[in-house]
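Notes follow once the structure below has been shown.
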Amino acid sequence: MYLTYFDGRWSEGNIPLYGAMDHSLWLGSSVFDGARALRGHLPDLRPHLERVIASSEKLGLRCPLDVDEMEALVREGVAKFPADAELYIRPLVFGTDGFLIPVAEASRFALTIFDAPLPPFSGFSACLSTLLRPQPSMAPTDAKASALYANSTRAMREAKARGFDQAIMLDADGNVAEFATSNLFLVSADGAVVTPRLNGTFLAGITRARVIALLAGEGVRVEERSVAPAELLSAREIFSTGNFGKVTPCTRYEERVLEAGPVARRARELYLAFTDAS
Ligand code: PMP
């Protein structure tokens, strides 16, 4: 089921939001965020809502609702689903008026909530993309902007054509940035847990930060540093963090088979325990 709040009311189905003249359709002034409800729990909901406000500002838009208003709507919408539902929560802010530059005050808001079961901890394959994350001077990389996904989905299509589920993207300096749609962690050959240092080229994931904090709570320090692509070839584990799958293991990188390893498994368990306490 899809449920969308738009223009003061809830509707079911894939309801229209844009007009043919709208800025977002024409020039891509659209931002979104993705949060989840898992069996009634809303892990890190507020940071996701805060980020959609921040992303809006970065594109010259203005989110018409504040965090409290959005949270109230999310809770109202989630309550319309069964109590054990696993849901994706997607607030969207988009530009309507404006010739070239969007008129911030004319930004509109929609909130879509839909069934999306949490993927199992079974593993996915990934290859190295030929496409790069843009530098901050080349695209609005500090926003969760829909426009950025034109390149991410290009990387996904390239990966699919090569028989892989996912793509690992480098930054313009040749260091590992992230998966096309989630952040990347690895366990190095000597057992260190590592994730690329935030450098503005990829999304500072809310799940990434949460997993770093949860592992720290167990005494496991995550090294945030530059990661050379060669490290992917010797890593004991590679796993992803992101709102959709939370923590999921990469079990094949190029021609290498990897295990769904103990660090990823522990991170997943910790995340699910954190969810239950949220
Ligand atoms: N990178 C990209 C490109 C993403 O689309 C996502 C999913 N939102 C992430 C990273 C993970 O971010 P988060 O943990 O905040 O969902």
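Data table
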{"quantity": "Residues (of a type in the set (A, V, I, L, M) and either touching a residue at least 60 places away in the same chain (Cβ under 8 Å) or open to solvent by 60 Å² or more (accessible area, probe 1.4 Å) (or both)) located in the stretch 135-155", "calculated": "138, 143, 145, 147, 150"}
{"quantity": "Pick from the stretch 33-49, criterion within 14 Å of the ligand (Cβ to nearest atom) and open to solvent by 30 Å² or more (accessible area, probe 1.4 Å), ranking: nearest to residue 84 (Cα to Cα)", "calculated": "46"}
{"quantity": "Residue identified as assigned by TED's automatic domain parsing to the domain that holds residue 250, among the aromatic types (Phe, Trp, Tyr) and under 23 Å from residue 43 (Cβ atoms) among 164, 185", "calculated": "185"}
{"quantity": "Residue check, residue 264 open to solvent by 40 Å² or more (accessible area, probe 1.4 Å), within 16 Å of the ligand (Cβ to nearest atom) and closer than 25 Å to residue 116 by Cβ", "calculated": "no"}
{"quantity": "When residues of the stretch 201-220 are limited to those that are outside any helix (DSSP H, G or I) and among the small types (Gly, Ala, Ser), the one farthest from the ligand (Cβ to nearest atom)", "calculated": "219"}
{"quantity": "Residue count for the stretch 221-235, restricted to those that are of a type outside the set (A, V, I, L, M, F, W, C) and within 16 Å of the ligand (Cβ to nearest atom)", "calculated": "1"}
{"quantity": "Within the stretch 147-178, considering residues that are over 15 Å from the mean Cα position of the chain (by Cα) and among the hydrophobic types (A, V, I, L, M, F, W, C), the one nearest to the ligand (Cβ to nearest atom)", "calculated": "155"}
{"quantity": "Test set (1) within 15 Å of the ligand (Cβ to nearest atom); (2) under 30 Å from residue 116 (Cα atoms) - residue 254 fails condition number", "calculated": "(1)"}
{"quantity": "Candidates 132, 170, 73 - the one that is touching a strand residue (DSSP E or B) at 6+ places or on another chain (Cβ under 8 Å), in contact (Cβ under 8 Å) with a residue 12 or more places away in the chain and assigned by TED's automatic domain parsing to the domain that holds residue 17", "calculated": "73"}
{"quantity": "Leading residue by the ranking (most open to solvent (accessible area, probe 1.4 Å)) among those in the stretch 66-123 that are charged (D, E, K, R) and under 23 Å from residue 19 (Cα atoms)", "calculated": "105"}
{"quantity": "Cβ-Cβ under 8 Å pairs, at least 6 apart or on other chains, the stretch 208-230 side among the aliphatic types (A, V, I, L, M), far side within 16 Å of the ligand (Cβ to nearest atom) and part of a loop (DSSP other than H, G, I, E, B)", "calculated": "227/175; 228/175"}
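The values are calculated or read from the model by the stated rules, or taken from the named source; none is laboratory data. Predicted model only: the values in this text are computed from it and were never measured. Glycine gets a Cβ as well: all are built from the backbone with ideal geometry, and neighbour counts include every protein chain shown. To get the accessible areas, we keep the full protein, side chains included, count just its heavy atoms, and leave off ligands, DNA and RNA. Shrake-Rupley method; radii C 1.70, N 1.55, O 1.52, S 1.80 Å.
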